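The values are calculated or read from the model by the stated rules, or taken from the named source; none is laboratory data. What you see is a predicted model; the values in this text were computed from it and never measured. Cβ coordinates were reconstructed from backbone atoms using ideal geometry, including for glycine residues, and neighbour counts include every protein chain displayed.
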Amino acid sequence: MLDLCRRRKVLVIIIFFCLFGNLIYWRPSILNRFLQHEPGESQSLPVPGESQSVPVPGESQSVPVKMKNTTVVLVWYWAFGIKQHWQGDVCKDRYGIPNCILSDDRSLFPQADFIVFHNRELIERKERLPEHLPRPPNQAWVWFSRESPAYNGDTGFLAGKFNYTLFYRRDADFFNPFGFLVPRNSTGMTLDNLIPKEKSYLACWVVGNYQPYYERTKLYLKLKQVIPIEWWGAAAHRGLHGDLLLPTMSQCYFYLSFENSIFRDYISEKVWRNAFQSGAVPVVLGPPRKNYEEMLPEGSFIHVNDFKNVAELGAFLKKLAGDKERYASYFKWKLNYTVQTFMGNEHWLVEPFCRICAKQSTLQRPKVYKDLHGWQWT
């Protein structure tokens, strides 16, 4: 009887190890759940480039065991539905930011250090915050938008939900500008090398959202009575393919960098890309001149508020275009700087998230936006 009991115990142990061993072999994510730290402990994921695998969006992935000195940024859903396909160590390979894992795999929720939520989908109720899940105590939620407050909707219901902001404003936790200056070596360069010599148009404007009640539309309608303006957009029944934008704008003396709304620090690609990168002088309508001076090179733009009326502005532009030396002075900044923008989807939906990893050590902790709506409008 004793031998029979012993044999049964041995048989049970053998069956147990066979079944559990196969489970671990075929489902490593289950093992990882056993190995997860207790809530509140410091957690991290494998360093990209080492032997552990990094999750690839869209594929079935096991949850990796977290390791130290690695930050996980989880994109809960894609902005405007523009899905990215990340491969490899994206932040390090593209922007030189190591130990940063980007993923859209929601199963990583318990291990994510930061979760990014794009505002548009929230205010349109197309997406919801994962408040039904047990949120780790050290996990931070990041509110993300590139639109001005006028187009961010009523975010009052998001009060107290977010720890950090990813925004175009300089006082955001993660500053996400539409462009910025990069120092350059100007040895042997002259302004003649930097200014396109052939200019076909006095002023140009490309507009995607044309509304009669916009201030920029009203200004355009007045200004075109004074000077000739070439314009492109749906309302003009004249399209301009993206690849042709910069070459076409390079033929313009001036680009009308008119913003769709006026808010602090809201200086968009209309200046950085359409004007600066093409080689046209921006004529700006937006925040006050002082705000532009804080963000743009000195003497690089013309502000509409500097003129008594539209007729005076038009007369100035015509006179300036005829004065080659004075016109060239608006490009002096190019001797010392170039402009960097992240306009393509492969950049503006990647680079800002990598910057979260780069700046996390300087963040104020703990922090919660109790009035996100009010903060935007200040």
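Hey, which of the helices (runs of 4 or more DSSP H) in the range 233-338, taking only ones fully inside, have at least 1 residues that are under 25 Å from the mean Cα position of the chain (by Cα) and surrounded by fewer than 19 Cβ atoms within 10 Å (Cβ to Cβ)?
Those helices (runs of 4 or more DSSP H) span 242-249, 289-295.
Provide a single number: the residues in the range 244-268 that are over 24 Å from Pro177 (Cβ atoms) and without any contact (Cβ under 8 Å) to a residue 60 or more places away in the chain.
Residues that pass the stated criteria total 4.
Identify all residues within the range 192-251 that are aromatic (Phe, Trp, Tyr) and farther than 21 Å from Ile262 by Cβ; write none if there are none.
Within the range 192-251, Tyr201, Trp232 qualify.
How many of the residues making up the range 339-352 are in contact (Cβ under 8 Å) with a residue 24 or more places away in the chain and assigned to a helix (DSSP H, G or I)?
Adding up the residues that qualify gives 5.
Pairs needed: first member in the range 278-292, charged (D, E, K, R); second member anywhere, outside any loop (DSSP other than H, G, I, E, B) and modelled with pLDDT of 95 or more; C-beta distance under 8 Å; at least 6 residues apart or different chains.
Arg289/His303; Arg289/Asn305; Arg289/Asp306
Do the conditions hold for Asn209, that is, is it within 30 Å of Lys308 (Cα to Cα), of a type outside the set (Gly, Ala, Ser) and touching a residue at least 40 places away in the same chain (Cβ under 8 Å)?
Taking the combined requirement at face value, the residue satisfies it.
Inspect the range 224-231 for any residue being free of Cβ contacts under 8 Å to residues at least 40 places away in the same chain, closer than 14 Å to Lys270 by Cβ and not aliphatic (A, V, I, L, M) and give the result as yes or no.
Within the range 224-231, one or more residues are free of Cβ contacts under 8 Å to residues at least 40 places away in the same chain, closer than 14 Å to Lys270 by Cβ and not aliphatic (A, V, I, L, M).
For the range 102-127, what are the residues that are in contact with a helix residue (DSSP H, G or I) (Cβ under 8 Å, 6 or more places away or on another chain) and part of a strand (DSSP E or B)?
Leu102, Phe114, Ile115, Val116, His118
Is it true that Thr378 is surrounded by fewer than 16 Cβ atoms within 10 Å (Cβ to Cβ) and of a type in the set (Val, Ile, Thr)?
Criteria met by Thr378.
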